[in-house]
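Asker: Submitted below is the structure of interest, expressed as structure tokens.
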């Protein structure tokens, strides 16, 4: 069974977002997403300093099965990326919510998070996709 | 709900992710496709391929029929058990299917793909009219592919536990040479596979298949899904029907020249077109591609030579053995300096002669 940590916000396109203590936002893909993709073999991350907009493309995740776009759940500037994923893309499968994060951004407007799903709503979405 | 093999319930209990595969509910992986791939390259795994179609052929004209039906020549099969890989062509030289045919004591056993089953049977039954022989489909049989460097040893250890049949089956396997199979009672055992590794394909009654699967599982042999089977065959440079070739291309355009037997004395369906194409030269060829940087080559990505479109990828994947992406592509004959377009970016690739990897190691060389 996939995990849906309660402290995160989720996008319908299967990214999660976590607000850090310093007000920056960390983004990754959900446990459900990594499970559907299967073994991740390649991750393309955005460049640091890039401005991304909510629901805009911010990277690509390639698994044994398919290539999928990764979207920025909210607008902001990319301030760091998880370079571990370049040499160890399987980290996304092993630890989607911790070591497998994709990028961190300085949000333009934190209230954009409010339009994201909470864990219960996101889990309901995933369950409905499976049936 | 799709068709189910006798192993279906055992797949579910092994944690399989099931997908539709040519109308069958089949396991794509059991957790990690890459782990399963490495198991077959480095030790052993077992794959349920019972969705494939087994057809027995018997009767006095069997040999004459197959010599007319197939692009490779069953005359090469000089002793019972020998196996031959061949394309079955239509009149235009297009590939209807690829298959394995074994010479048996009473005739031939043919294994064709699952997605092409109806088309193949209709074609084969149509062409058999003029011959005194008969095709019998064998849906009662299941196929397990036990593959990997340790496969034969492990299989023999498992079989030995059967007090009644074990010894004879082990002795039978001991005398099998690569690419040879045969009957051991009602089991058909062959040193064949689709992985580029040592292995056995066991074509056995459904109940025996379940027992064998469970015996292998108890001995620690892990299940391999169709996902890993696909990357294993791609590394081994083996074509996949429906992706790398179909009715729209000939074997000459599919890197299958070696499977053609063009002897003057034998006619076969599609031969005339192939002869014409050989004289005229082929405009397209199937080649191997290697991406020397990060990224994944996938089917249908376009291939360019400088700025000219020269074809597309037919199968592509991340190679777990080589740790970079590999592909088969059908391109304009002789095209060089190739790039593949991935999401709008053109990345340089090397053209190579498949196979890419065998026995756990890189084997390809740069082609000219």
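Taken together, the values in this text are just the output of simple stated rules run on the coordinates, not laboratory data. Since the structure is predicted, the reported quantities are computational estimates derived from the model, not experimental observations. Counting neighbours? That spans all protein chains shown, and the Cβs are built from the backbone with ideal geometry, glycine included.
Asker: What 222 nm value per residue comes from the helices of chain A, counting each DSSP H run with n ≥ 4 as -39,500 (n - 2.57) and dividing by all residues, nearest 500 deg cm²/dmol?
Answerer: Working: 4 runs with 27 residues, N = 131.
That comes out to -5000 deg cm²/dmol.
Asker: A further question follows. Enter the mean number of other protein chain beta carbons within 10 Å of the beta carbon of each residue in B:292-300, as an integer. Write out the running numbers ahead of the final one.
Answerer: Details: counts 0, 0, 8, 6, 8, 0, 4, 0, 0.
Mean inter-chain Cβ contacts per residue within 10 Å come to 3.
Asker: Normalising by the residue count of segment B:283-368, find the relative contact order in percent from Cα pairs under 8 Å and 6+ residues apart. Present the calculation step by step, with values, prior to reporting the outcome.
Answerer: On the way: 211 pairs, mean separation 27.8, N = 86.
RCO, segment B:283-368: 32 percent.
Asker: Given points 7 Å out from each Cα along the Cα-Cβ axis, report the residue B:346 to residue B:299 separation in nanometres with one decimal.
Answerer: 2.6 nm
Asker: Still on this structure, please answer the following. Give the order of B:238, B:262 when sorted by the count of other beta carbons within 10 angstrom, beginning with the fewest.
Answerer: So the ranking, lowest neighbour count to highest, is B:262, B:238.
Asker: Where the eigenvalues come from the Cα gyration tensor of segment B:79-136, what are the semi-axes √(5λ) of the equivalent ellipsoid, largest first, in whole Å?
Answerer: Each semi-axis is √(5λ); the values are 19, 15, 11 Å.
Asker: On full extension of the chain, what length is gained from residue B:106 through residue B:336, given 0.36 nm per residue of separation minus the C-alpha to C-alpha distance?
Answerer: Numbers: separation 230, 0.36 × 230 = 82.80 nm, distance 4.95 nm.
Length gained between residue B:106 and residue B:336: 77.9 nm.
Asker: I need the per residue convex hull volume for segment B:283-368, using only the alpha carbons, in cubic angstrom as a whole number.
Answerer: Numbers: hull volume 6.8 nm³, N = 86.
So the per-residue hull volume is 79 Å³.
Asker: Which peptide among A:22-35, B:5-18 comes first, and what is the full order, when sorted by highest mean count of other Cβ atoms within 10 Å?
Answerer: Ranking the peptides A:22-35, B:5-18 by packing returns A:22-35, B:5-18.
Asker: Oh, and also: Compute log10 of I(q)/I(0) for segment A:54-99 with the Debye formula, placing one identical point scatterer on every Cα and leaving out solvent, at q = 0.22, 0.29 Å⁻¹, to two decimals.
Answerer: Debye curve over Cα of segment A:54-99, log10 I(q)/I(0) at q = 0.22, 0.29 Å⁻¹: -0.94, -1.24.
Asker: How far apart, in nm, are the 7 Å Cα→Cβ label points at residue B:12 and residue B:365?
Answerer: 5.2 nm
Asker: Please give the peptides B:165-171, B:80-86 ranked by average Cβ packing (other Cβ atoms within 10 Å per residue), highest first, as a rough proxy for protection.
Answerer: Details: B:165-171: 15.0, B:80-86: 19.6.
Sorting B:165-171, B:80-86 by mean packing, highest first, produces B:80-86, B:165-171.
Asker: Quickly work out the residue A:3-to-residue B:276 label distance, labels modelled 7 Å from Cα along the C-beta direction, and quote it in nm with one decimal.
Answerer: Simple spin-label model gives 6.4 nm for this pair.
Asker: Let me ask something additional. Using alpha-carbon pairs under 8 Å, 6+ residues apart, how would you state the relative contact order of chain B in percent? All intermediate terms of the calculation are to be shown ahead of the outcome.
Answerer: Details: 832 pairs, mean separation 66.7, N = 368.
Once normalised by length, the contact order is 18 percent.
Asker: For the protein assembly as shown, what percent of Cα pairs sit more than 28 Å apart?
Answerer: 59 percent
Asker: From zero up to wherever the largest Cα-Cα distance of chain A sits, split into 10 Å bins and tell me the percent of pairs in each.
Answerer: All Cα pairs considered, the percentages come to 14, 48, 34, 4, 0.
Asker: Suppose only helical runs count, i.e. DSSP H with n ≥ 4. What mean residue ellipticity at 222 nm does that imply for chain B under -39500 (n - 2.57) per run, divided by all residues and rounded to the nearest 500 deg cm²/dmol?
Answerer: Numbers: 9 runs with 87 residues, N = 368.
Counting only the DSSP helices, I get -7000 deg cm²/dmol.
Asker: Something else now. Taking only the alpha-carbon positions of chain B and ignoring solvent, what does the Debye formula give for the base-10 log of I(q)/I(0) at q = 0.08 Å⁻¹?
Answerer: -0.41
Asker: Another question, if that's okay. What relative contact order, as a whole-number percentage, does chain A give when Cα pairs under 8 Å and 6 or more residues apart are counted?
Answerer: In percent, rounded to a whole number, it is 30.
Asker: Now for a separate question. When chain B is modelled as a GNM with alpha-carbon springs shorter than 10 Å, which of B:147, B:105, B:175 fluctuates the most?
Answerer: B:175
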